[in-house]
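First comes the structure, then the notes that go with it.
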Amino acid sequence: MSDNCNSNSLQDIELMYNTQSIKVDGDCIWPVLRLKINEEIRKKSGLKSRTVNLDKSTVLRLFVTLFYGVSNLLRLGKFNFWYFSSSDRRKKIGDIYVDRIIGSLVKDCKQSVVIENPYPKGKHYPRREVETKNIFSQTIFFAGTRLFQIFVGNKIKIQGEEVIIDILRENNIQIDYVQLIRNHIAQYNFIRFLLFFVKPRAVFFIYAASSMGFIKGLKKHKIPVIEIQHGVINKFHNAYNVNKEYGYKLFPDYLLTFGHQEKEVFIKGNYFIDTNNVFPVGYDFLDRTINTPTEYLVSGKGEQFDALVMFSLQEPFEEYMFSFIIEAASLDKKVLYVIVPRDTNKLYNQVSKIENIVIERNFSVYECLKKADVHATINSTCAIEAPCFGVPNILFDYKSWSSDYYGKVLNDSGITIYCNTAEDFVNKLRTHKFYSSEKIIKESRTFFERDFYSNVHMVLKNEILKADNEE
């Protein structure tokens, strides 16, 4: 998800203020606060917040998920590898919902268990419809964390609290930073309590930033913490760009990335992780989709339309995207626009009745890409995924959000070009000459390694668990 529209304001804050002085119990606590502050800055820029609000209805739905796969919690000690993921990462292949990031790692592995967050999707899929049976709800962890927060106590002493107050006041934003820190401490206490009874060999997170208390507790017990890339990582993504050295207790030990370009993000002036601990492994769902036949077919495409454009939506940018798509669709009725929504329950009335726009709710983005002639978006991760299918990009460079985000990596006009208006888009779609599909696929290896499953196991064996294996 793009953060570049903030003009690096979080970076400015980190460099302007003595954020390293904000400590609790001797450890810098700023990493726990920085992304929540960034969300408030995004909201001021007019972008939709990505924070899930826990109102009464949300809590009730959380309670329903409490017992999902609870039998696996009771035998947690039998699992050597824990995978923290979320239900919104699941995509359908055939009749089964697979986790697009970790699917093949846990599919048939008796040593692995998935600890799945039901939000922001709002639910878990029935266990009969997911690949692995070794799964339970992270709601148990939320409840345990909350209990520790209530019964262990809420009194905290924040060193450097005046710096937080200054940052919030001078940037005209508000967050309940005390509650965030209390939750962090409760995560730490809960996981340490759990590790008194069970101890995995390694723990994987699909997104580690919301679990820093768990991470600190795991690292206290010398358990390797590994994050697996789930979306774009570049110099504009604030979760992966840490501008001062705050120590490494709250960050993962290892980062497994799609390809080699992400290593460049961590070479100089970034204190998120040591670049030597970043390993390109590829992307599981991409491997599986490329190798799986698709039934996707847009009716009449060959007869009625000259080109199929697959448009990847991004929820914070939808209002800008739809006006662009509607105008482009009106300029050339021979182009079919296929939109795959992230939220399949949305009606999208503003575009649903336009003849050459299709809202595709039954097939994944990747299945549609197999049939597409061109892919379009602002700066969705699909911009680096589409070339793996031999599909070129025309990116809508609204407020330079595409070129700022991708300009240095998607800089080959045989694969990706940029446009500023719907008219410009349609003209380039008609006239620009891209590489052949075969050449685009070949060049895409820069962004994605192949054979995710084997690569991850190789890194585990030779790097992460090397000391254990030697014993």
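Counting only helices (runs of 4 or more DSSP H) that sit completely within region 52-132, those holding 1 or more residues that are under 24 Å from the mean Cα position of the chain (by Cα) and under 20 Å from residue 287 (Cα atoms) correspond to 103-106. The helices (runs of 4 or more DSSP H) falling completely within region 157-239 that include 2 or more residues that are open to solvent by 60 Å² or more (accessible area, probe 1.4 Å) map to 161-170, 177-195. Candidates are the residues of region 257-271 that are over 15 Å from residue 101 (Cβ atoms) and polar (S, T, N, Q); the one that is most open to solvent (accessible area, probe 1.4 Å) is 261.
When restricted to residues that are polar (S, T, N, Q), touching a residue at least 12 places away in the same chain (Cβ under 8 Å) and more than 21 Å from residue 286 (Cβ to Cβ), region 345-365 contains 2. The combined condition, being basic (Lys, Arg), over 30 Å from residue 240 (Cα atoms), open to solvent by 10 Å² or more (accessible area, probe 1.4 Å) and in contact with a helix residue (DSSP H, G or I) (Cβ under 9 Å, 6 or more places away or on another chain), is not fulfilled by residue 353. All conditions but one from (1) free of Cβ contacts under 8 Å to residues at least 12 places away in the same chain; (2) more than 30 Å from residue 148 (Cα to Cα) apply to residue 196; the one that does not is (2). In region 304-316, the residues that are surrounded by fewer than 18 Cβ atoms within 10 Å (Cβ to Cβ) reach residues that are assigned to a strand (DSSP E or B) and not hydroxyl-bearing (Ser, Thr, Tyr) with C-beta atoms within less than 9 angstrom, at least six apart or across chains, in these pairs: 304/336; 306/335; 306/336; 307/335; 307/336; 307/374.
The values are calculated or read from the model by the stated rules, or taken from the named source; none is laboratory data. As the structure is a prediction and not an experimental result, all values here were calculated from the model. Here the Cβ is made from the backbone with ideal geometry for all residues, glycine too, and neighbour counts use every protein chain on show. Side chains included, ligands, DNA and RNA excluded: accessible areas come from the protein's heavy atoms. Shrake-Rupley method; radii C 1.70, N 1.55, O 1.52, S 1.80 Å.
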